[in-house]
Amino acid sequence: MVQYGQQNSANLARNTMLGRFVMQNDFGFNFDNTYATLPESFFSLLGPSSLTSPELVLFNDELAHFLGLSTEAMRSEDGIAFLAGTKVPPGGVLLAQAYAGHQFSHFTMLGDGRALLLGEQITPSGERYDIQLKGSGRTPYSRGGDGKATLGPMLREYIISEAMADIFPTTRSLAVITTGEEVARETLLPGAVLTRVAKSHLRVGTFQFAAGRGRDQELKTLADYAINRHYPEAFQDANPYLSFYRAVVHTQASLIAQWMLIGFVHGVMNTDNMAISGETIDYGPCAFLDIYDPSTVYSSIDHYGRYAYGNQPKIAAWNLARFAETLLPLIDSDQEKARDLATIELESFSGKYDQHFLAGMRKKLGLKDSHEEDAALIHDLLELMREHKADYTNTFLDLTFQRFDEHDLYRLEGFASWRERWEKRRGTWEEAQALMKRSNPALIPRNHRVEEVLRAAVQERDYKPLKKLLSALKEPFAHSPEQAEFASPPESNDIPYRTFCGT
Ligand code: AMP
Ligand code: MG
């Protein structure tokens, strides 16, 4: 088995210097920085940034506990300086990662243009998490950008990633600080830095970067590193790289099914935004379905609907095909054979996706076993919802709580006959309802609600509504009265909701 330690001596020396070895400190940092042991082309080491008046506006105590960080020390002046990137935390290493990616199908060399890895934290339970700052300033990969982020989008990422934490695999948010700077966008906006926590920031785009350099040894080093970090069981396989690919295909099939089940539209599924770990990453222009319609697009720059809700499984498969292309030299020396082997794995995506989606939908409908006619039952309900503009989340809640006076849809002949089929198919109501309560969230971060709380926070620096929403979103399956307050869809859908990339 290849270990992290397989590195040249120069890297080892640098890594030691960078604090690979654990240092005791009041903050609870327990860094073990392995990414910096990769070949130098994969990153750029950076110094701290300079900001004069960073201020902590959100801090996630629960996540800090999980990471083993001191909630008290992290709120101190030094703690805030680490979260602002103005000081290097004990044992930390500031680096920006190199990657490439297909953005709206166009290939580009990219990299962390406004992000900075502080280090890899080993949690008290022994898990490894990247702690990364987003919006901390320019890096060698910034291209034309200023390396900065603004308060609204960073708060938005915090809200949505934390709301999804119990719903699907996702990066997490530890903190938001305001930088005290004004950042020039269409208008001047308050600058902010988000502290993001992820199983890693390895992306399909990281492999595209390695493959693009054409050095097979670097590619192999990266693949071994990724396997070690996320899919170590692949090393047991006769063809570890094919096994690795299969594992990523299956994790993505599961992840995308979970997005679809919750009505999540990622909005910018570029290959650099597809994480090898299977976590959802980069909450830029994402949003949630109100009305169920597969053609829903929220992102203002997605002119052709490439990343529409209903296209997400297809796009994931497209991204996975790009991923396969990078791994071919490792899969077999005969490239023809490598391609055939990878194709078989890629083709398993849609079957796996369907399995996950069907299994999830059955739960949403309170069906505890599987029948052949389920696919049709689900399809017919979704089709009724689309045709009659039913709210995605609330339709499932209406079914869960038998609220059949809430929408015109339920008075239709078509619905009555669907309901009859569903009731015949269900087991006892008590059991079915319990399953439905566990499978249909009481609350999602409704687009219009998120906008409301962001407006208060950014324009009036009033964080109370935001914190109230965060608290209501914390236990999505609690079905508490506090949640009902935030559950209503927008009053009008006349003006389509639009999102913007979080720059
Ligand atoms: P994203 O759409 O957030 O996934 O970002 C795509 C690419 O653009 C990444 O390489 C980012 O690092 C880079 N980028 C986004 N915003 C900025 C910015 N304000 N300054 C520099 N680079 C940026
Ligand atoms: Mg990105």
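The values are calculated or read from the model by the stated rules, or taken from the named source; none is laboratory data. These numbers were taken from a predicted model, which means no experiment stands behind them. Positions of Cβ are backbone-derived with ideal geometry, glycine not excepted, and every protein chain shown enters the neighbour counts. Calculation scope for accessible area: heavy atoms of the full protein, side chains included, ligands and nucleic acids excluded. Shrake-Rupley method; radii C 1.70, N 1.55, O 1.52, S 1.80 Å.
Under a 5 Å amide H to amide H cut-off, with H placed in plane at 1.01 Å, what residues pair with Thr280 once short-range neighbours are removed?
Thr170, Thr171
Find how much the distance from Glu347 to Gln236 grows on full extension, using 0.36 nm per residue of separation minus their present alpha carbon separation; answer in nm with one decimal. Spell out each step's value before the answer.
Working: separation 111, 0.36 × 111 = 39.96 nm, distance 2.29 nm.
Result: 37.7 nm gained on full extension.
Against the longest alpha carbon principal axis of the chain, how many degrees, from 0 to 90 and to the nearest 10, is the axis of helix 464-473 turned?
Rounded to the nearest ten degrees, it is 70.
Taking amide H atoms as placed 1.01 Å from N in the peptide plane, list the residues 5 or more away in sequence, or in a different chain, whose amide H sits under 5 Å from that of Ala478.
Residues meeting the criterion, in which the H sits 1.01 Å from N, are Ala442.
With θ taken as phi - 60° and the coefficients 6.51, -1.76 and 1.60, list the Karplus ³J(HN,Hα) couplings across region 49-61 in order, rounded to whole Hz; mark glycine and proline as x.
Using θ = phi - 60°, the values come out as 8, 10, 9, 8, 9, x, 9, 7, 10, 9, 9, 9, 4 Hz.
Given a Förster distance of 35 angstrom, what is the FRET efficiency for Lys464 paired with Thr52, based on the Cβ-Cβ distance and rounded to 0.05?
It comes out at approximately 0.80.
I'd like the accessible area for Phe401: 1.4 Å probe, protein heavy atoms, all chains in place, Å² to the nearest 10.
Phe401 has an accessible surface of roughly 70 Å² with all protein chains in place.
Just how far, in whole angstrom, is region 151-184 from region 28-76 if you go by their alpha carbon centroids?
Each part reduced to its Cα centre gives a spacing of 15 Å.
Hey, got the dipole for region 95-171? About the Cα centre, +1 on K and R Cβ, -1 on D and E Cβ, debye to the nearest 20? Display every interim value, and only then the final one.
Details: 7 positive and 8 negative charges, 79 e Å.
Rounded to the nearest 20 debye, it is 380 debye.
Which order do peptides 115-122, 171-178, 341-348, 487-494 fall in by mean Cβ count within 10 Å, highest first? Can you show the working numbers first?
On the way: 115-122: 24.0, 171-178: 25.5, 341-348: 16.2, 487-494: 12.0.
Order by mean packing, descending: 171-178, 115-122, 341-348, 487-494.
Carbon-plus-sulfur fraction of the accessible area of the chain, 1.4 Å probe, in percent? Don't skip to the answer; put the middle values down first.
Numbers: 10550 of 20840 Å².
Within the chain, the accessible surface is 51 percent carbon and sulfur.
So what are the ³J(HN,Hα) numbers for region 104-116, from phi and the Karplus equation (6.51, -1.76, 1.60; θ = phi - 60°), rounded to whole Hz, Gly and Pro as x?
Once θ is set to phi - 60°, the couplings for region 104-116 become 6, 6, 9, 7, 9, 7, 10, x, 5, x, 8, 9, 9 Hz.
Cα gyration tensor of region 203-325, axes a ≥ b ≥ c as square roots of the eigenvalues: rounded (a/c below 1.5), prolate (a/b > b/c) or oblate? Write down the numbers at each step before the final one.
Details: a/c = 2.78, a/b = 1.90, b/c = 1.46.
Note, shape of region 203-325 comes out prolate.
From the phi of every residue in region 431-438, what ³J(HN,Hα) in whole Hz does the Karplus formula 6.51 cos²θ - 1.76 cosθ + 1.60 yield, where θ is phi - 60° and glycine or proline is x?
Running phi through 6.51 cos²θ - 1.76 cosθ + 1.60 with θ = phi - 60° gives 5, 4, 5, 4, 5, 5, 5, 6 Hz.
Mind putting together the pair-distance distribution for region 114-254? All Cα pairs, 5 Å bins, whole percent per bin, short to long.
2, 9, 14, 17, 18, 15, 12, 7, 4, 1, 0, 0
Amide H to amide H under 5 Å from Ile291: which residues, 5+ apart in sequence or cross-chain, H placed 1.01 Å off N in plane?
Tyr392
May I ask you to list the trypsin sites (Lys or Arg not before Pro) in region 425-467 that are in a DSSP loop and have at most 14 other Cβ atoms within 10 Å of their Cβ? Present the calculation step by step, with values, prior to reporting the outcome.
Working: sites: Arg425, Arg426, Lys437, Arg438, Arg446, Arg449, Arg455, Arg461, Lys467; in loops: Arg426, Arg446, Arg461.
Listed in order of number, the matching sites are Arg461.
For a quick check of your reading of the filter: which trypsin sites (Lys or Arg not before Pro) in region 174-276 sit in a DSSP loop and have no more than 16 other Cβ atoms within 10 Å?
Working: sites: Arg185, Arg196, Lys199, Arg203, Arg213, Arg215, Lys220, Arg229, Arg246; in loops: Arg185, Lys199, Arg215.
Passing both the DSSP loop test and the Cβ count: Arg185, Arg215.
Filter the trypsin sites (Lys or Arg not before Pro) in region 316-385 down to the DSSP loop ones having no more than 16 other Cβ atoms within 10 Å, then list what survives. Working shown, then result.
Numbers: sites: Arg322, Lys337, Arg339, Lys352, Arg362, Lys363, Lys364, Lys368; in loops: Lys368.
Those that pass, being in a loop and sparsely packed, are Lys368.
Averaged across orientations, what area in nm² does the convex hull of the alpha carbons in region 410-453 project?
About 4.8 nm², averaged over all directions.
Using a 1.4 angstrom probe on the protein heavy atoms only, line up Asp282, Asp340, Asp130 by accessible area, largest first. All intermediate terms of the calculation are to be shown ahead of the outcome.
On the way: Asp282 30, Asp340 90, Asp130 0 Å².
Putting Asp282, Asp340, Asp130 in descending order of accessible area: Asp340, Asp282, Asp130.
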